[in-house]
Amino acid sequence: MQLDEKNTQALCKALQALSDEHVLGMDAGALTAAARPYPNDASFYLETLFPKRTARHAQEQGEAPSGAYPRLLALYAKASGGAFDPQDIEADSDDGWNSLTLVFRHLGKKQRIKVSGVEDSDWFAPDFVKALNRFAKRIALPGRWVDFHNGDDACTSIYVPEAAQSRFKALKKKYSTPSEEDEGGWTPELLASALASSIHFPPALEVQLDQEQLKLRKAAWPPIEARLRDFHTKSETKLIERYYLSGAEPKTSDLWDSDPLPLVYRLWLHPDQSDASWCAITERVLSYQGDGDSQLRRDRFIDTSLIESRKIFQRQVPGGADFLGDARERLTLFLQGDRYRHQGERLYYHGAFRHAHYVGQCQWLDATAPAERRGMHCDPSLAEYWVDYLCGPDFERFMRGDPDTSPYRYFRAYLHQIARYTAPVDGGPDHARQDYCQRCRDALDARALPAPLDTWWAQAKAKAIRSSL
């Protein structure tokens, strides 16, 4: 969470007061020496002002838990200034690294710290700091660790006297991004506001894989992850990986305002790839309704999921590899089929036909805009789906709107342009526009159109005939 000048000054003032009170040795000159003191995040200021008391690391460790957590324990121990000095650190697990136990010697005695939520991942488990503080309390260490997260990939934890822990946690709540399992990173006012606009997921369609299935699933993940990382942050990719391995949803505490797993991801990456599973996933998204959600919020969730899915289909991976791999054909056939619709539109094309785009389309048909600005109907093969959309409820609402608005007037003009274009002539200078308009005319004439669209189209064709005479 980036802090502006006002919040930066307030945080630094609070840290200075705590440093003076508890003799923490804050290096105020380090902040002055920084080239750009703000805007930055709280974890940056903690590391800058208390370099000897902090442990800074990435959320993504880049190595297996067996190596990552012994290294983290040594790093956190160093921040204690010698109060905690573990030796001969080892990590072990008896549940496939879903959790782990750190074994070490401290002051001549063998000690253990149990860390939950590891999930055999290189992603930092929030329980690590909690487990470390439970251990500190058990052996009566004079200090505790407080972790500050920047909302992306960095975490800075500071070791402070136990008497100062609650006040540092208060600063964390006010100035730091909440960790994965910590909603407490918000002030009550911000939390209430975020919860009011956050989506609430229905029960997830999770899958429990056996060890052999999980092993195969993990082996197939790296090439998919490589493609995802071209378009997603590390945090987002980890969320998708968790879904890929178990079907687990994002946590409600993450306060999402749109679907972080668009429908195409939910289908493509779910552990259960059966037709029945795909149908259940699709029906679940289309019937989404969070507790207390309005119709507007429900539509926002579904619209975003479908529109983002269509964008995913258009992604190009550097090097020419297909972003969706072998799944593209099956996904395309499933989503463009007639079995499922939202607001009258087929799922693959949902959101492709926006009313405001008729301006650019008219300019192209008038030859006043180049081909790359052809707008929403740049692919002639979309003509059938466009007419399908025109016969649905979303366009019906549009036709009941104000006839003096720009999209409304341009749509009527657009129909007239389609109607007046001559039949395509192979090799002719205007073949692209002629062929496109012929496809649109054929699609409009191939089915019964709703009123008043049927009248508008009949008038456009009649005017084109009169013009030709």
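Quick notes on this structure:
- Candidates 121, 157: the one that is closer than 30 Å to residue 246 by Cβ and in a loop (DSSP other than H, G, I, E, B) is 121.
- Those residues of the range 124-142 which are outside any loop (DSSP other than H, G, I, E, B) and more than 17 Å from residue 58 (Cα to Cα), in sequence order: 130, 131, 132, 133, 134, 135, 136, 137, 138
- Meets criteria (modelled with pLDDT of 80 or more, open to solvent by less than 20 Å² (accessible area, probe 1.4 Å) and out of contact with any Gly (no Cβ under 6 Å at 6 or more places or on another chain)) for residue 268: no
- Any hit, the range 430-448, residues being surrounded by 13 or more Cβ atoms within 10 Å (Cβ to Cβ), outside any helix (DSSP H, G or I) and out of contact with any Pro (no Cβ under 9 Å at 6 or more places or on another chain): no
- Restricting attention to the range 382-411, the residues being open to solvent by less than 30 Å² (accessible area, probe 1.4 Å) and either part of a loop (DSSP other than H, G, I, E, B) or within 16 Å of residue 364 (Cβ to Cβ) (or both) number 5.
- Test: residue 306 is open to solvent by 10 Å² or more (accessible area, probe 1.4 Å) and at pLDDT 85 or above: no
- Qualifying residue in the range 84-99 (condition: modelled with pLDDT of 90 or more, outside any strand (DSSP E or B) and exposed (fewer than 15 other Cβ atoms within 10 Å of the Cβ)): yes
- Selection status of residue 146, in contact (Cβ under 8 Å) with a residue 12 or more places away in the chain, buried (at least 22 other Cβ atoms within 10 Å of the Cβ), among the β-branched types (Val, Ile, Thr) and more than 23 Å from residue 62 (Cβ to Cβ): yes
- Among residues of the range 412-428 that are more than 11 Å from residue 361 (Cα to Cα), those with a Cβ under 8 angstrom from a residue that is open to solvent by 70 Å² or more (accessible area, probe 1.4 Å) and part of a helix (DSSP H, G or I), sequence gap 6+ or separate chain, pair up as 416/463; 419/461; 419/463; 420/463; 420/467; 420/468.
- Test result for residue 77, free of Cβ contacts under 8 Å to residues at least 12 places away in the same chain and not in a loop (DSSP other than H, G, I, E, B): yes
- Subset of the range 212-262 that is of a type in the set (Ser, Thr, Tyr) and closer than 24 Å to residue 319 by Cβ - its residue that is modelled with the highest pLDDT: 244
- Total residues in the range 347-369, condition surrounded by 16 or more Cβ atoms within 10 Å (Cβ to Cβ) and either at pLDDT below 75 or not hydrophobic (A, V, I, L, M, F, W, C) (or both): 13
- Residues of the range 218-240 satisfying the condition of being of a type in the set (D, E, K, R), buried (at least 16 other Cβ atoms within 10 Å of the Cβ) and over 13 Å from the mean Cα position of the chain (by Cα): 227
The values are calculated or read from the model by the stated rules, or taken from the named source; none is laboratory data. Everything quoted here is computed from the prediction, not taken from an experiment. All Cβ positions, glycine included, derive from the backbone under ideal geometry; neighbour counts span all protein chains shown. The protein model used for the area step is the full one, side chains on, heavy atoms only, and it has no ligands, DNA or RNA in it. Shrake-Rupley method; radii C 1.70, N 1.55, O 1.52, S 1.80 Å.
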